[in-house]
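Enquirer: There's a structure below that I have some questions on.
The values are calculated or read from the model by the stated rules, or taken from the named source; none is laboratory data. Everything numeric in this text was worked out from a predicted model, so none of it was measured. Backbone-built Cβ (ideal geometry, glycine too); neighbour counts: all protein chains shown.
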Amino acid sequence: MFDLKVINSVLTEMEEERGIPRERMLDAIEQSLATAYKKEFGKRGQIITCKFDMNSGTTEFNQIKIVVDESMLKPEPELDEDGNPIDEEVEETTEGAEEDTRVRFDEEKHIMINNARMIKKDVERGEELIFPLEPKDDFGRIAAQTAKQVIMQKIREAEKDSALAEFGQKAGDIVIGHVQRFERGNLYVDLGRVTAIMPYDEQIPGERFKPGERIRAILLAVEETPRGIFLKLSRSHPDFLVALFTIEAPELQTGAVEVKAVAREAGARSKIAVYAHDEHIDPVGSLVGQRGVRVSTVMSELGGEKIDIIEWSPENVEFIEDALSPAQVMEVRIETEPDAEAGERGHAVAEVASDQQSLAIGRGGQNVRLAAKLTGWKIDIVSANTGEDLAEADADGEVNLEAPADTEAGTDDEVLESEDATTTKPDLEEVLEEAEDTSDRDMTPGAESEGEDEIDTPEEAEAELAPAVDEEIAEEAEAEEKK
């Protein structure tokens, strides 16, 4: 009836490629045969099982009956004149009442204990008796289709269990896969046995991948849904940054260096605070690496994202001051201490010099915003010269920029480093007018000795040129008269 070579090859392939155990597939085959037998030859209410022998290829079908007594059965319903059951009144159950576990007697499913003891003397109620059925091998088309559906359902369940067993322990770890497709903003990644999904908000802005391209991401969640297993990936999560550094830095793997806090704006900039449990270890240097090889490797994986590595300190003033790096802070004042019971964050004020304001605030307030997220404090940036508020950042990521109009800009090196300054181009007409004025002054005799630094107003210049213009007009008029 069955080709054992084909069945063996299929079972081996399912076990190697999909990770489905051989026993699960044999159980699926037996259940499908039992379902097909009941569909074709059985009766309603029957419990039919099948035993498949892989050595001989034979099948054995049995019917199961449960031994019951009068205490396990519900009373028969009363019938009306037409033979239809009369609806019984449903009694209201009070809280704490035991649920009625009694069942209706079905001769295809149950057997009374008196009759069962004729077959087996020491049988007990609730026990199952097995009755052999006539073997059949000529299943119809409908029964075969039903068996196929049962096998497919069992395969899906086995695949889901296998994937849960494999990836359930990898939650929080970095996984490697290949890009499958990009659909409705979601990125589908092939991880071998299953397909994972990276939602749009978990992707790094600006990153684009081609189908078949190799990709690394962190496995955020493994969830079981009615449609199968759901694997959620992320490349924008702060834990992905920590996991990348853990791969590069052995100090993080051994626990000698610990990551205390991370503030990240994926694709733009991140700040990470580290702490060394051994005073002989430099926590910042362990993440930077020799000549910056470790941090550069992580930055290249993240598409050039800038990373600030600072040393965590239990002193709040020192920690806030380091969190605002690369800016140099003159003083940090604690306005309000954090209240853990009330859930309120602390409030600190950082004073910076005029040439450090652009670095402390950052482009669009990015530096102070990340510092507030990293420390969990509300941070205000104040000018040390004028005392005016320049920026205010909360740990939730909200930033209010209140820089005064007369704030002096930083040096060129600081502007290029922070990329926070905005340059304005002068008007073209003003440039041309200045060039003409400069050329006129350079060509005037005695400009170097007298009045070199003096600039005439437009009214004075017009008054000086008026006599010369009048003389010219008079000479031209005389020449015309002579002609």
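Enquirer: Any residue in segment 64-71 that is at pLDDT 75 or above, more than 30 Å from residue 147 (Cα to Cα), assigned to a strand (DSSP E or B) and in the same structural domain as residue 126 (by TED's automatic domain parsing)?
Expert: yes
Enquirer: Return yes or no: is residue 262 within 18 Å of the chain's Cα centre (by Cα) and either assigned to a helix (DSSP H, G or I) or over 30 Å from residue 157 (Cβ atoms) (or both)?
Expert: Yes; evaluated as a whole, the condition is true for this residue.
Enquirer: For residues that are crowded, with 16+ Cβ neighbours inside 10 Å and out of contact with any Leu (no Cβ under 9 Å at 6 or more places or on another chain), tally how many sit in segment 152-163.
Expert: The qualifying residues number 7.
Enquirer: Checking the structure you have, find out if any residue of segment 399-421 is out of contact with any strand residue (DSSP E or B) (no Cβ under 9 Å at 6 or more places or on another chain), surrounded by 21 or more Cβ atoms within 10 Å (Cβ to Cβ) and at pLDDT 70 or above.
Expert: No: zero hits.
Enquirer: Among the candidates 123, 175, 103, which residue alone is without any contact (Cβ under 8 Å) to a residue 40 or more places away in the chain, surrounded by 12 or more Cβ atoms within 10 Å (Cβ to Cβ) and of a type outside the set (Lys, Arg)?
Expert: Exactly one residue qualifies, and that residue is 103.
Enquirer: Which one of these is in contact with a helix residue (DSSP H, G or I) (Cβ under 7 Å, 6 or more places away or on another chain) and at pLDDT 75 or above: 102, 181, 141, 156?
Expert: None of the others qualify; the one that does is 102.
Enquirer: Can you name the residue in segment 26-37 that is surrounded by 21 or more Cβ atoms within 10 Å (Cβ to Cβ) and not polar (S, T, N, Q) and, of all such residues, is nearest to residue 192 (Cα to Cα)?
Expert: 28
Enquirer: Would you pick out the residues in segment 291-306 that are aliphatic (A, V, I, L, M), crowded, with 18+ Cβ neighbours inside 10 Å and within 22 Å of residue 363 (Cα to Cα)?
Expert: Within segment 291-306, just 302 meets the criteria.
Enquirer: Residue 246 versus (1) outside any helix (DSSP H, G or I); (2) under 30 Å from residue 162 (Cβ atoms); (3) without any contact (Cβ under 8 Å) to a residue 12 or more places away in the chain: which is the lone unmet condition?
Expert: (1)
Enquirer: Let me ask something else. Return a yes/no flag: does segment 137-144 have any residue that is assigned to a strand (DSSP E or B) and in contact (Cβ under 8 Å) with a residue 12 or more places away in the chain.
Expert: Taking every residue of segment 137-144 in turn, none turns out to be assigned to a strand (DSSP E or B) and in contact (Cβ under 8 Å) with a residue 12 or more places away in the chain.
Enquirer: Filter segment 194-223 down to the residues that are touching a Gly at 6+ places or on another chain (Cβ under 6 Å), touching a residue at least 40 places away in the same chain (Cβ under 8 Å) and within 20 Å of residue 172 (Cα to Cα) and list them by number.
Expert: Within segment 194-223, 204, 222 meet the criteria.
Enquirer: Here are 334, 310: which of them is modelled with pLDDT of 85 or more, in contact with a strand residue (DSSP E or B) (Cβ under 7 Å, 6 or more places away or on another chain), assigned to a strand (DSSP E or B) and closer than 30 Å to residue 256 by Cα?
Expert: 310
Enquirer: Being at pLDDT below 85 and either at positive phi or surrounded by fewer than 23 Cβ atoms within 10 Å (Cβ to Cβ) (or both) is the requirement here; does residue 351 meet it?
Expert: no
Enquirer: Moving to a separate point now. Residue pairs, Cβ under 6 Å, 6 or more apart or interchain, first in segment 1-25 and within 23 Å of residue 144 (Cβ to Cβ), second modelled with pLDDT under 75 and loosely packed, with under 12 Cβ neighbours inside 10 Å. List them.
Expert: Short answer, once both residue conditions are applied: 1/137.
Enquirer: Among 241, 233, 220, which is the only one that is part of a helix (DSSP H, G or I) and either within 28 Å of residue 372 (Cα to Cα) or assigned by TED's automatic domain parsing to the domain that holds residue 363 (or both)?
Expert: 241
Enquirer: Okay, moving on. When only residues in segment 126-143 that are out of contact with any strand residue (DSSP E or B) (no Cβ under 7 Å at 6 or more places or on another chain) and aliphatic (A, V, I, L, M) count, which is surrounded by the fewest Cβ atoms within 10 Å (Cβ to Cβ)?
Expert: The qualifying residue surrounded by the fewest Cβ atoms within 10 Å (Cβ to Cβ) is 142.
Enquirer: Anything in segment 198-250 that is among the β-branched types (Val, Ile, Thr) and surrounded by 15 or more Cβ atoms within 10 Å (Cβ to Cβ)? List them, or say none.
Expert: Those that are among the β-branched types (Val, Ile, Thr) and surrounded by 15 or more Cβ atoms within 10 Å (Cβ to Cβ): 204, 215, 218, 222, 229, 242, 246, 247.
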